[in-house]
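The values are calculated or read from the model by the stated rules, or taken from the named source; none is laboratory data. From a predicted model like this one, the values you see are computed outputs, not experimental measurements. Neighbour counts are summed over all protein chains in view; Cβ atoms, including those assigned to glycine, are modelled from backbone coordinates with ideal geometry. Surface areas here come from the heavy atoms of the whole protein model, side chains and all, with no ligands, DNA or RNA. Shrake-Rupley method; radii C 1.70, N 1.55, O 1.52, S 1.80 Å.
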Amino acid sequence: MSDRIRLMHYDPRWRQEFQQTRSGILHSCLGWVTDVQHIGSTAIEGLVSRPVIDMIAGVSDDENAERAIAESSDLIEGLNFQRSQRVLWSSSVTVLTKPRHAEPTHRVWLTTINSLPWRQCLAIRDHLRSDRDAALRFEETKVDRWRQGAGDPDQYESDKSMFFTHLLDQLGF
């Protein structure tokens, strides 16, 4: 069985850690990646979170998106990231995690700007940032499910997916 999910209180250093990683990605990707956004619970001030800095990185070259994502993935791997398995919910997203051989501290979701996954991730983040009640409901649900599942990673991800699916329906996706 894989390691248990760990949750912790919001750490204001997560914003700075995102900014540093964002800068490294933008500088190393030679113009392929044109935007990097902080997503996930670490991007929502005050929320209990799994201590993993999630970010979505976007390439804007729609004509050569496949090449842009492949080139960018190679360059991001040079920053001590490792490609993970493709996500089940989107074939247009490449996931990279850091560090390569330990519990992840950073995760990059690489896709094209304005793709459905890009728009969904930013819509969820923006909604939770602007609606404190929704953010608190998300936190309560997440912590409750985490406790019920005893930190089981598969159960945790499944429960979060159900919450996000419901939220995306409410947001019109």
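Selection of region 37-49 for residues being outside any helix (DSSP H, G or I), buried (at least 17 other Cβ atoms within 10 Å of the Cβ) and in contact (Cβ under 8 Å) with a residue 60 or more places away in the chain yields Q37, H38, I39, G40, I44, L47.
Scanning region 61-81 for residues that are at pLDDT below 90 and in contact with a helix residue (DSSP H, G or I) (Cβ under 7 Å, 6 or more places away or on another chain) gives a single hit, D61. In region 18-30, is there at least one residue being within 20 Å of A123 (Cβ to Cβ), assigned to a strand (DSSP E or B) and open to solvent by less than 50 Å² (accessible area, probe 1.4 Å)? No, because not a single residue in region 18-30 is within 20 Å of A123 (Cβ to Cβ), assigned to a strand (DSSP E or B) and open to solvent by less than 50 Å² (accessible area, probe 1.4 Å).
Within region 116-150, being touching a residue at least 60 places away in the same chain (Cβ under 8 Å) and loosely packed, with under 15 Cβ neighbours inside 10 Å holds for R129, V143, A150.
In region 102-114, is there at least one residue being at pLDDT below 95, among the acidic types (D, E) and out of contact with any Phe, Trp or Tyr (no Cβ under 6 Å at 6 or more places or on another chain)? Within region 102-114, one or more residues are at pLDDT below 95, among the acidic types (D, E) and out of contact with any Phe, Trp or Tyr (no Cβ under 6 Å at 6 or more places or on another chain).
What number of residues within region 22-33 satisfy the criterion of being at negative phi and either of a type in the set (G, A, S) or out of contact with any Leu (no Cβ under 8 Å at 6 or more places or on another chain) (or both)? Total meeting the criteria: 6.
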